[in-house]
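First comes the structure, then the notes that go with it.
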Amino acid sequence: MSTAQYATKRGELRIYLGAAPGVGKTYAMLGEAHRRVERGTDVVAAVIETHGRKKTADLIEGIETVGPKYIEYRGRRFPELDVEAVLRRQPQVVLVDELAHTNTPGSKNPKRWQDVEELLDAGITVISTVNVQHLESLNDVVTQITGIEQQEKVPDEVVRAADQIELVDMSPEALRRRMAHGNIYDPAKIDAALANYFRIGNLAALRELALLWVADRVDESLQDYRERHGIAQPWQTKERVVVALTGAPSGDALVRRAARMAMRTKGELVGVHVQPSDGLAGERPSGLDAQRALLEELGGRFHQVPGSDVAAALVQVARAENATQIVLGASHRSRLTELFRGSVINSVVRQSGGAIDVHVISNDEEPSVPRQYRTGGPLWRRLAPLDRSRRIAGFMLAVGGPPLLTVALTRIRGSLGLQNALLCYLLLVVAVATTGGIWPAAIACLLGFALLNWYFTPPFHTFTIANSRDSLALFAFIVVAGVISTLVDLASRRRHEAARARIEAQSLARIAGLVLGERDPVTRLVDDLIVTFRLEGAAIMRPARQGWTAIVGAGDAPKTPAEADLALRLADNAELVLRGGEVPAEDRELLAAYATQLSVALVSRRLRTEAASAEALAKTNELRTALLAAVSHDLRTPLAAIKTAATSLLADDVTLEPSLQLELLETINGETDRLNTLVGNLLDMSRLQTGAVNVLLTPVDLEEVVGLAVASLPDSSRVDVQVDQTLPQVKADLALLERVIANLLANALAFSPGDSTVAVQAARDGQRVDLHVVDRGAGIPFEAREHVFLPFQRLGDNPNGTGVGLGLAVAKGFVEAMDGELTVEDTPGGGCTMIVSLRSAEG
């Protein structure tokens, strides 16, 4: 195969997944490399992390290596994977250790796995390693277990996409022995590692995470294989028990029995509820939620699927889950019902095809069958819910229609015939059923039968029927009229239920939108409640010392629960009171949904209030504590120096030289300035905390304000000002901006070497002007940048650092008050750059 043809095929990725550090991932990877070299495969090693382990380092011998690429960063050189060198070498297989590694800033890709993708796209097979704690989906779990947050992470889909994943595992006890023998870390680190990360519990938990993750990957591969090869029958690779739930009282015992079966076989438990095809129109079984909670408490999973054929839907879910057993409750249907409607149990046994074991669990408890599974019940409960006017019209048409039709038809009785008369009466019955429902249709049917017998069946004007064919025709009329009336009524009921379901779904969607879309949806929910149920008024009330207090009200709301037509208890000792008539029983479930969401909204409102109060109190306490620490230490230092110098000058028993007196006076002057600066920063911080900063934005010349700020510094000779006079003016408060620049310069000078300078530069950026304060100090780590602008924060223990850690906090507060932005960046070559961005006065 030519090189061009080889490059068109993506390389394979093989990953050695470690349950914990030190289990031997790199060792296993190098062993695989040696086996491939012996078979004549072209293998090179690009990145091998030995971590000082001699046995691992010895295995590199005999494998060709590609040297690293060194990246300069903050005055140091870091070795990284040289992707270009590997691509030029074009091996068949390359070894790249530590897939989750984060590359040094300045590299082509931020992460090593992105480098690996480039190699795979070039047709090179890559063998790599990764520990389970570096998987993105498990990062928070590992942090909770070990107490250590992993900074280096790799997306799960990258590892899942590997062609081969091999788990490198070791028992916790064996791994700790390896650690104790010095085979993982240096002797100085062994005791600390065994006492912290490498504890038995931590290692056991990490091992279980790795095994479960790999097991899920195996399940995915198996399912994919079965789909690709068209294998529909379950493979009993793992026991999975599916239990059918209907919401009946006996379902609790059924769930527990299925859970015991799954527990004995170390299998999984899956609960399935088949929702009949009428969807939302069907009433949700009252016990289903409790059974779902019990199922999840026992470690099972719940699925709800729609389906007109309960048995087919149940078997379909079982096949999709690769289940091995189905657990059903014994049927309490009558023999007659099963004869006409069929047996769900028999259908499940037949459709499972022998590949799934079906268990039928009997119980002595007579179940309360959910409405959607009932086959009987009072007829009046299953009638179409028509309004009063339609029912009255139906009864009037049922009573008056047949006599009027009879009068019309008797005039042409000789040429009409019984069959045509039957069709006319049948049309009348259908019209009555459509208008008023099944009861008026039944009256019209019976009355029509009597009139047909009296006026149209020989001998006339008697109820005697001479011809048997006429008897059959009349009997067929009764049956057909009854069936058609029932079907018409059923269609009307379905249409009404579908309309109700649509309205309820829209209302629930609207409720969810209000709850998710607004911070405090209580008022909107009450307004929507009034519109949905056509109420006169509604309110949420709480008991007070004298009567009731309304939290939220809308419309003509009741003043107390006693005046309400309906009252519902909400969370936080509140009540929802409604006025405007009784809410029908079929609407109570939707009303309960409103009440639930209102309770959630009320609790959220209270929690937000408490959280805001707690946050404000915490900030106040934090500020008070920091202020006391500052006053007790940083403010006492200049006071002690001033007191010492003044005492020496006032001493009568000691004669001081003029030069010494001048030095003491300069000390007093300098420490007084320092004290004044500290007190000023404290006052400024207090003003910022209370929002009492008055800002007067005017056009300000940057060169002028920088000059004023530099002149106020005692060490101004170390400041290099590089501000162009041609820059536009900025919108700022002159006094505040001077304080900002002075604080930034003082901070930069304090954290810079004594022989270095601090540069002040400015440049235009569109409608804004950026002022840069550049130092050559140690810089600020990326993870510390979000804290550096907080009050009373001082980075490190720099001996030149003085003050209470308010300079940057005050500067940021003043900049934001002037509608600006203060950010921090690294200085190229080392150091820190503070950037003040302000609006241009020309914009």
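For the reader, a short list of remarks on this structure follows.
This table checks each residue for (1) at pLDDT below 75; (2) under 28 Å from residue 267 (Cβ atoms); (3) crowded, with 16+ Cβ neighbours inside 10 Å.
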position	(1), (2), (3)
171	no, yes, no
179	no, no, yes
188	yes, no, no
212	no, yes, no
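- Scanning region 254-269 for residues that are buried (at least 16 other Cβ atoms within 10 Å of the Cβ) and part of a helix (DSSP H, G or I) yields 254, 255, 257, 258, 259, 261, 262.
- The single residue among 571, 564, 538 that is hydrophobic (A, V, I, L, M, F, W, C) and surrounded by fewer than 16 Cβ atoms within 10 Å (Cβ to Cβ) turns out to be 571.
- Residues in region 18-41 that are in a helix (DSSP H, G or I) and closer than 24 Å to residue 123 by Cβ: 29, 30, 32, 33, 34, 35, 36, 37, 38.
- Here is the figure for region 266-319: residues that are closer than 27 Å to residue 506 by Cα, modelled with pLDDT of 85 or more and in contact with a Lys or Arg (Cβ under 6 Å, 6 or more places away or on another chain) total 1.
- Taking region 789-829 as the range and being open to solvent by 20 Å² or more (accessible area, probe 1.4 Å), modelled with pLDDT of 65 or more and part of a loop (DSSP other than H, G, I, E, B) as the test, the residues that pass are 789, 790, 819, 828, 829.
- Of all the numbered requirements in (1) assigned to a loop (DSSP other than H, G, I, E, B); (2) modelled with pLDDT of 80 or more; (3) closer than 30 Å to residue 639 by Cβ, residue 776 misses one, and that requirement is (3).
- Only one of 126, 159 that is in contact with a helix residue (DSSP H, G or I) (Cβ under 9 Å, 6 or more places away or on another chain), more than 21 Å from residue 208 (Cα to Cα) and either part of a loop (DSSP other than H, G, I, E, B) or open to solvent by less than 50 Å² (accessible area, probe 1.4 Å) (or both): 126
- For residue 99: the one exception among (1) loosely packed, with under 14 Cβ neighbours inside 10 Å; (2) at pLDDT 90 or above; (3) assigned to a loop (DSSP other than H, G, I, E, B): (1)
- Out of 740, 769, 721, one residue alone is open to solvent by 20 Å² or more (accessible area, probe 1.4 Å), in contact with a strand residue (DSSP E or B) (Cβ under 7 Å, 6 or more places away or on another chain) and of a type in the set (A, V, I, L, M). It is 721.
- Residue 44 being part of a strand (DSSP E or B), in contact with a Lys or Arg (Cβ under 9 Å, 6 or more places away or on another chain) and either open to solvent by less than 40 Å² (accessible area, probe 1.4 Å) or over 15 Å from residue 96 (Cβ atoms) (or both): yes
- Qualifying residue in region 690-700 (condition: open to solvent by 40 Å² or more (accessible area, probe 1.4 Å), assigned to a helix (DSSP H, G or I) and at pLDDT below 80): yes
Okay, residues lined up against (1) over 30 Å from residue 587 (Cα atoms); (2) at pLDDT 80 or above; (3) buried (at least 16 other Cβ atoms within 10 Å of the Cβ):
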{"residue": "389", "(1), (2), (3)": "no, no, no"}
{"residue": "405", "(1), (2), (3)": "yes, yes, yes"}
{"residue": "408", "(1), (2), (3)": "yes, yes, no"}
{"residue": "439", "(1), (2), (3)": "no, yes, yes"}
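- Filter result for residue 549 (within 19 Å of residue 510 (Cα to Cα), open to solvent by 20 Å² or more (accessible area, probe 1.4 Å) and β-branched (Val, Ile, Thr)): no
- On the stretch given as region 75-84, residues that are open to solvent by less than 20 Å² (accessible area, probe 1.4 Å) and among the hydrophobic types (A, V, I, L, M, F, W, C) total 2.
- Filter result for residue 510 (surrounded by 14 or more Cβ atoms within 10 Å (Cβ to Cβ), over 20 Å from residue 591 (Cβ atoms) and among the basic types (Lys, Arg)): no
- Condition broken by residue 138, with the remaining ones in (1) open to solvent by less than 10 Å² (accessible area, probe 1.4 Å); (2) under 21 Å from the mean Cα position of the chain (by Cα) satisfied: (1)
- Search result, residues across region 473-521 that are over 13 Å from residue 597 (Cβ atoms) and in contact with a Ser or Thr (Cβ under 6 Å, 6 or more places away or on another chain): 488
- Residues of region 574-583 that are open to solvent by 20 Å² or more (accessible area, probe 1.4 Å) and either free of Cβ contacts under 8 Å to residues at least 12 places away in the same chain or touching a Gly at 6+ places or on another chain (Cβ under 9 Å) (or both): 579, 580.
- Every pair of residues 6+ apart whose Cβ atoms lie under 9 Å, when the first sits in region 105-118 and is under 16 Å from residue 162 (Cβ atoms) and without any contact (Cβ under 8 Å) to a residue 12 or more places away in the chain while the second is part of a loop (DSSP other than H, G, I, E, B) and open to solvent by 30 Å² or more (accessible area, probe 1.4 Å): 114/108
- Residue satisfying condition, being at pLDDT 90 or above and either open to solvent by less than 20 Å² (accessible area, probe 1.4 Å) or more than 26 Å from residue 183 (Cα to Cα) (or both), within set 116, 23, 132: 116
- Considering region 414-437, the residues that are of a type in the set (Ser, Thr, Tyr) and out of contact with any Lys or Arg (no Cβ under 7 Å at 6 or more places or on another chain) include one that is surrounded by the most Cβ atoms within 10 Å (Cβ to Cβ), namely 425.
- Unmet criterion (only one of (1) within 30 Å of residue 215 (Cα to Cα); (2) surrounded by fewer than 22 Cβ atoms within 10 Å (Cβ to Cβ); (3) in contact (Cβ under 8 Å) with a residue 12 or more places away in the chain; (4) of a type outside the set (Phe, Trp, Tyr)) for residue 89: (1)
The values are calculated or read from the model by the stated rules, or taken from the named source; none is laboratory data. Everything numeric in this text was worked out from a predicted model, so none of it was measured. Neighbour counts are summed over all protein chains in view; Cβ atoms, including those assigned to glycine, are modelled from backbone coordinates with ideal geometry. Surface areas here come from the heavy atoms of the whole protein model, side chains and all, with no ligands, DNA or RNA. Shrake-Rupley method; radii C 1.70, N 1.55, O 1.52, S 1.80 Å.
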